[in-house]
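S.K.: I'd like to ask some things about the structure below.
The values are calculated or read from the model by the stated rules, or taken from the named source; none is laboratory data. This one's a predicted model, so the numbers in the text were calculated from it and none came from an experiment. Glycine gets a Cβ as well: all are built from the backbone with ideal geometry, and neighbour counts include every protein chain shown. Just the protein is used for accessible areas: all its heavy atoms, side chains included, with ligands, DNA and RNA removed. Shrake-Rupley method; radii C 1.70, N 1.55, O 1.52, S 1.80 Å.
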Amino acid sequence: MPNPNQGSVAIYPGSFDPITYGHLDLIERGSRLFNRLIVAILSNDAKEPLFSVTERREMLAQSVKAYPNVEVDSFNGLLVDYASQRGATALLRGIRAISDYEYELQMALMNRRLRPDIETVFLMAGEAYSFVSSRLVKQVIGLGGNISGLVPPLVEARLRDRLLGEKQAR
Ligand code: PNS
């Protein structure tokens with residue numbers, strides 16, 4: 001039987017400031033659903049990010065090395081325009097809790113209105129990571145809390161370096 005997803009390309013967009021194991025769980029599962037998955041960092045973000053786009057790209061690239069069909073990129077402007085330029089037919093997003101739903105629904109419907117040919121595909125966040133967000137991880141480590149097991153070790157080292165001024169040999 002032919003694979004209906006053959007040649008399918010999806011974009012997993014976000015701020016990824018920084019990547020967490022919650023994101024990685026979604027990337028792993030998304031890489032099994034689509035032939036190619038492009039993890040795309042929004043670079044003209046109004047939010048003031050902790051890490052530059054280059055730093056976020058580096059951390060993502062290191063973290064997705066195990067998935068040959070996953071690529072890391074960054075984009076400006078409208079997500080659906082970028083998706084169409086990259087030949088993608090789907091946008092991948094994760095939903096952790098009901099509180100994510102309203103924001104995600106709004107974005108998905110706006111994106112559908114802009115480009116009806118691009119579908120948003122939602123995956124439920126892995127239950128082990130449903131409370132994990134980049135924002136909380138930054139807050140916790142900045143206040144001296146333990147975040148091991150929530151972000152890859154290389155990301156934890158970068159966070160310690162940036163927020164606590166701890167330089168580590170890497
Ligand atoms: O990780 P985030 O911050 O929740 O990701 C939000 C993101 C990057 C997916 C969203 O802000 C986005 O798509 N921005 C691009 C601008 C755009 O296309 N806006 C209209 C769609 S609602």
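S.K.: Show me the GluC sites (Glu not before Pro) within the stretch 69-170 that DSSP assigns to loop and that have at most 16 other Cβ atoms within 10 Å of their Cβ. Mind showing how you got there, number by number?
M.R.: Numbers: sites: Glu71, Glu102, Glu104, Glu119, Glu127, Glu156, Glu166; in loops: Glu166.
Taking the stretch 69-170 and a limit of 16 other Cβ atoms within 10 Å, the loop GluC sites (Glu not before Pro) found are Glu166.
S.K.: So how much accessible area does Arg93 have, in Å² to the nearest 10, using a 1.4 Å probe?
M.R.: It works out to around 50 Å².
S.K.: Just reorder Met59, Met107, Met124 by solvent-accessible area, largest first, 1.4 Å probe, all chains present.
M.R.: Highest to lowest solvent-accessible surface, that is Met124, Met107, Met59.
S.K.: Just round it to a whole percent: the fraction of Cα-Cα distances in the stretch 121-170 exceeding 11 Å. Please list the in-between numbers first.
M.R.: Working: 858 of 1225 pairs.
So the portion of pairs separated by more than 11 Å is 70 percent.
S.K.: Take the chain, connect every pair of alpha-carbon atoms lying under 10 Å apart with a spring to form a Gaussian network, then pick out the residue of Gly144, Gly94, Gly30 with the largest mean-square fluctuation.
M.R.: Maximum fluctuation in the GNM of the chain, among the listed residues, is at Gly144.
S.K.: May I pose another question? On a 0 to 90° scale, report how tilted helix 53-63 is relative to the longest principal axis of the chain, with both axes built from alpha carbons and the result rounded to the nearest 10.
M.R.: Orientation of helix 53-63: about 80 degrees from the principal axis.
S.K.: Chymotrypsin sites (Phe, Trp or Tyr not before Pro), restricted to the stretch 69-170: which are DSSP loop and have at most 13 other Cβ atoms within 10 Å?
M.R.: Numbers: sites: Phe75, Tyr82, Tyr101, Tyr103, Phe122, Tyr129, Phe131; in loops: Phe131.
Of the chymotrypsin sites (Phe, Trp or Tyr not before Pro), the ones in loops of the stretch 69-170 whose Cβ has at most 13 other Cβ atoms within 10 Å are Phe131.
S.K.: Just from its helices, what would the mean residue ellipticity at 222 nm be for the chain, if runs of 4 or more DSSP H residues each count -39500 (n - 2.57) and the sum is divided by every residue, rounded to the nearest 500 deg cm²/dmol? The partial results should precede the final answer.
M.R.: Working: 6 runs with 64 residues, N = 170.
One gets -11500 deg cm²/dmol as the mean residue ellipticity at 222 nm.
S.K.: A follow-up question, please. Most mobile of Thr89, Thr54, Thr20 per a Gaussian network model of the chain (Cα springs, under 10 Å)?
M.R.: Looking only at Thr89, Thr54, Thr20, the biggest GNM fluctuation is shown by Thr54.
S.K.: While we're on this one: Over 27 Å, how big is the tail of the calculated P(r) for the stretch 1-147, in percent of all Cα pairs? Mind showing how you got there, number by number?
M.R.: Working: 1964 of 10731 pairs.
That tail contains 18 percent of the Cα-Cα pairs.
S.K.: For the Cα atoms of the chain, what angle does the longest principal axis make with the long axis of helix 21-33, in degrees from 0 to 90, nearest 10?
M.R.: Between helix and principal axis, roughly 30 degrees.
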